[in-house]
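See below for the structure under consideration.
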Amino acid sequence: MATSILFLFLSIFLFSGPTAYAWRPWPSTTLNTTTTASASPAELGASKKFEGSSEFVKLRYHMGPVLTSNITVHPIWYGHWAPEQKRIIRTFLRSFSDSSIRGPSVASWWRTVRLYTDQTGSNISSNVILGEEKNDRGCSRGTSLTRLSVQSVIKDAITASTKPLPINTRGGLYLVLTSPEVAMENFCGQVCGFHYFTYPSIVGYTLPYAWVGNSHGRCPEVCAYPFAVPSYIPTAKAEMPPNGDVGVDGMVSVVAHELAEMASNPLVNAWYAGGDPSFPTEIADLCEGIYGTGGGGAYTGQLLVDGQSGAAYNLNGVGGRKFLVQWIWNPYLNYCSGPNALDQ
């Protein structure tokens, strides 16, 4: 965010914490049966499921920066993580820049994100790499975090006496991943992940960051959908996770969601819909819960099925890994799209 805007909003956000969060696939306890033919803009804004219509989607560019430089993702593993769980997420992050993977791939999914540009016409970078990592197994900031205390976790990681994370103010993204025993303010009730930028008064720098939590044992039906389904959808059947871990496979899509929005709206003054930058509807919010052709409401859309395991997926990654990741709003097509679309 530009310096003048940063200081304008600092006093507002300092006490309330970041509000540019917004990711949960089921924002209410009723099915979204709204159709664009009869829905009001207010109704559409409440559900964030525009389901292929551009009529009410006022996605605009607000002249702020997007991440056009090489993007380096620095995971911070907060809590107790099994080696295999880390491997799943690391492999996903390593898949973004590997164009050699057969489609539909993670790299081809990122191409939709790359369509977004800054005011010079420069596209979001195609180079997304896994950077240095930090472990906080002891949960140094406690097992009950707030949106604001996440920034202290990042500060600890970049100022650690041994192997601190590098400070990258141009293309660095800091990804705080919390294990199931760690609670987060509004986790499950309102959010599965959020992104924002750090305050210099807390961290010393303005750094884009995101938090994503492992919902296993807490609310997988909310944050790991469709590998678990809400009880109020009695006819829905949970899909089998492609990597055998409901919580972590569910996290993968949320991580992708937040990375797409950090790249296109890192300082909350670039690409979003709505008039209030503290409550933006961003490029991934517009397509939450949609993973394939025909998706919307309680339907994921057409998915691929692994012939050996029977697991659902829509993207291929490095090393033969498979992932299920939500679609992204395509600014040229004016609807949600992904590389597994049947009409592409």
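The values are calculated or read from the model by the stated rules, or taken from the named source; none is laboratory data. For clarity, every value in this text was computed on a predicted model and none was experimentally measured. Please note: Cβ atoms are built from the backbone with ideal geometry, for glycine as well, and neighbour counts cover all protein chains shown. To get the accessible areas, we keep the full protein, side chains included, count just its heavy atoms, and leave off ligands, DNA and RNA. Shrake-Rupley method; radii C 1.70, N 1.55, O 1.52, S 1.80 Å.
Could you work out how far apart the two model spin labels at residue 332 and residue 190 are, taking each label as a point 7 Å from the Cα in the direction of the beta carbon, and quote it in nm?
Spacing of the two 7 Å Cα→Cβ label points: 3.7 nm.
Taking loop as defined by DSSP and a crowding limit of 10 other beta carbons within 10 Å, which trypsin sites (Lys or Arg not before Pro) in the stretch 165-271 fit?
237
When ranked by the protection proxy of mean other Cβ atoms within 10 Å per residue, highest first, what sequence do the peptides 113-120, 309-316, 229-236, 172-179 form?
Order by mean packing, descending: 172-179, 309-316, 113-120, 229-236.
For residue 58, what accessible area in Å² do you get when you roll a 1.4 Å probe over the heavy atoms of the protein chains, rounding to the nearest 10?
My reading of the accessible area for residue 58 is about 130 Å².
Take the solvent-accessible surface of the protein heavy atoms, probe 1.4 Å, and return the percent of it on the stretch 233-344 that carbon and sulfur atoms account for.
Roughly 54 percent, rounded to a whole number.
In nanometres, what is the gap between the two model label sites at residue 162 and residue 122, each 7 Å from Cα along Cα-to-Cβ?
Between residue 162 and residue 122, the simple spin-label model gives 3.8 nm.
Just check the stretch 119-192 against the gyration tensor rule for me: Cα atoms, a ≥ b ≥ c as the square roots of the eigenvalues, rounded for a/c under 1.5, and otherwise prolate or oblate depending on whether a/b exceeds b/c.
Since a/c reaches 1.5 but b/c is at least a/b, the shape of the stretch 119-192 is classed as oblate.
Net charge within 15 Å of residue 164 by Cβ-Cβ distance, Lys/Arg positive one each and Asp/Glu negative one each, not counting residue 164 itself?
-1
Hey, can you grab everything whose amide H is under 5 Å from the amide H of residue 105? Only 5+ residues off in sequence or another chain; H modelled, so Pro and N-termini drop out.
Excluding prolines and chain starts, which carry no amide H, the hits are 316.
Residues of the stretch 65-105 with the amide nitrogen closer than 19 Å to a label point 7 Å from the Cα of residue 144, along Cα-to-Cβ, please.
Output list for this probe position: 79-80.
First check a/c for the stretch 160-212, with a ≥ b ≥ c the square roots of the eigenvalues of its C-alpha gyration tensor; if it is under 1.5, answer rounded, and if not, answer prolate when a/b is larger than b/c or oblate otherwise.
prolate
In nm, what is the difference between 0.36 nm times the number of residues separating residue 237 and residue 99 and their Cα-Cα distance?
Here the segment from residue 237 to residue 99 would lengthen by 46.4 nm.
Over 20 Å apart: what share of the alpha carbon pairs of the stretch 91-224 falls there, rounded to a whole percent? If you can, show how the numbers build up before the last one.
Details: 4936 of 8911 pairs.
Taking all Cα-Cα pairs of the stretch 91-224, the fraction more than 20 Å apart is 55 percent.
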